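Below is one structure, written out as structure tokens; the observations come after it.
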Amino acid sequence: MPDFATLALFAGAAAVLTATPGPDMLLIASRSMSQGRAAGFLTYIGIAVGSYLQSFAAAFGLSQLFLLVPWAYDALRWIGAAYLTWLAWTTLRTKAPLLAPGHVPAQPLRRIFLQGLWTNLLNPKMALFMLALLPQFLKPEAGSIALQVMVLATILNLMGLLTNGVVILAASRLGQALSRRPALARLPQRLMGAVFGGLALRLAFSARD
């Protein structure tokens with residue numbers, strides 16, 4: 001197990017990182033506004049599970065594939081962009097508002113979880129980020145590397161839950177308020193589609209560093 005000083009330093013870094021607005025927070029906020037708190041938390045859980053997988057990939061060298069094989073990075077980047085574009089299209093073409101009084105959410109909760117998971121896993125920048133962050137806090141002399149990765153990834157996700165929990169609660173309340181106004185009922189849905197589209201463009205045209 002890492003010592004207390006290492007855990008405290010990592011927790012501080014994780015708190016800063018998770019409090020900084022980024023694509024994950026934007027996705028969680030727009031999903032919460034569109035379909036409420038349950039959808040927001042499930043989106044976060046999907047992203048958190050993806051973070052665990054990315055952490056283990058970075059710790060055991062799988063993420064170095066992107067450094068050794070440049071086309072693998074670009075292939076994953078374009079697959080991720082295509083997936084997000086498809087999500088944007090299917091969200092915007094839905095005729096009924098995603099969140100409205102008496103309306104059952106169009107997206108099943110399982111699908112929302114998987115969208116959060118795949119959005120995280122298909123982002124090669126996340127893999128490279130983990131590759132840059134985790135090795136600084138892993139110490140072979142502290143015991144099992146797998147256990148250290150699990151502990152550090154859990155700290156990162158708990159910090160993310162604190163920050164994104166506030167975002168989810170605020171965004172879901174805003175979405176409910178908008179759903180009571182017919183003229184604005186489709187605004188969360190359009191925002192959701194715009195977020196997916198924006199993330200697709202960001203991923204498609206992003207550089208490696």
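The values are calculated or read from the model by the stated rules, or taken from the named source; none is laboratory data. A quick note: this is a predicted structure, and the numbers were derived from the prediction, not measured. All Cβ positions, glycine included, derive from the backbone under ideal geometry; neighbour counts span all protein chains shown.
Could you please give the count of residues in region 160-191 that are among the aliphatic types (A, V, I, L, M) and at pLDDT below 70?
Final tally of qualifying residues: 4.
If I go through region 56-94 residue by residue, how many of them are modelled with pLDDT under 75, closer than 28 Å to residue 150 by Cβ and part of a loop (DSSP other than H, G, I, E, B)?
2
Considering each residue of region 107-163, count those that are closer than 25 Å to residue 3 by Cβ and part of a loop (DSSP other than H, G, I, E, B), and give that number.
5
Please specify each residue of region 5-31 satisfying the condition of being assigned to a helix (DSSP H, G or I) and under 16 Å from residue 119 (Cα atoms).
The answer is 23, 24, 25, 26, 27, 28, 29, 30, 31.
Determine, yes or no, whether residue 27 is on the phi < 0 side of the Ramachandran plot and buried (at least 24 other Cβ atoms within 10 Å of the Cβ).
yes
Please name all residue pairs, on different chains or six or more residues apart, with Cβ atoms under 8 Å, provided the first residue is in region 101-120 and is closer than 15 Å to residue 34 by Cα and at pLDDT 85 or above and the second residue is among the small types (Gly, Ala, Ser) and part of a helix (DSSP H, G or I).
Once the first residue is closer than 15 Å to residue 34 by Cα and at pLDDT 85 or above and sits in region 101-120, its partners that are among the small types (Gly, Ala, Ser) and part of a helix (DSSP H, G or I) give 112/39; 112/46; 113/46; 115/46; 116/46; 116/50.
Looking at (1) modelled with pLDDT of 80 or more; (2) on the phi > 0 side of the Ramachandran plot, can you tell me which one residue 52 breaks?
Single failed check for residue 52: (2).
Would you tally the residues in region 1-52 being over 21 Å from residue 146 (Cβ atoms) and free of Cβ contacts under 8 Å to residues at least 24 places away in the same chain?
Final tally of qualifying residues: 7.
Could you please find all residues in region 74-91 being crowded, with 17+ Cβ neighbours inside 10 Å and not basic (Lys, Arg)?
76, 80, 81, 83, 84, 85, 87, 88, 91
With the structure loaded, tell me whether residue 97 is of a type outside the set (Gly, Ala, Ser) and either at pLDDT 80 or above or surrounded by 13 or more Cβ atoms within 10 Å (Cβ to Cβ) (or both) or whether it fails that test.
Against the criterion (of a type outside the set (Gly, Ala, Ser) and either at pLDDT 80 or above or surrounded by 13 or more Cβ atoms within 10 Å (Cβ to Cβ) (or both)), residue 97 qualifies.
What number of residues within region 117-160 are surrounded by 15 or more Cβ atoms within 10 Å (Cβ to Cβ), out of contact with any Gly (no Cβ under 7 Å at 6 or more places or on another chain) and under 17 Å from residue 22 (Cβ atoms)?
13
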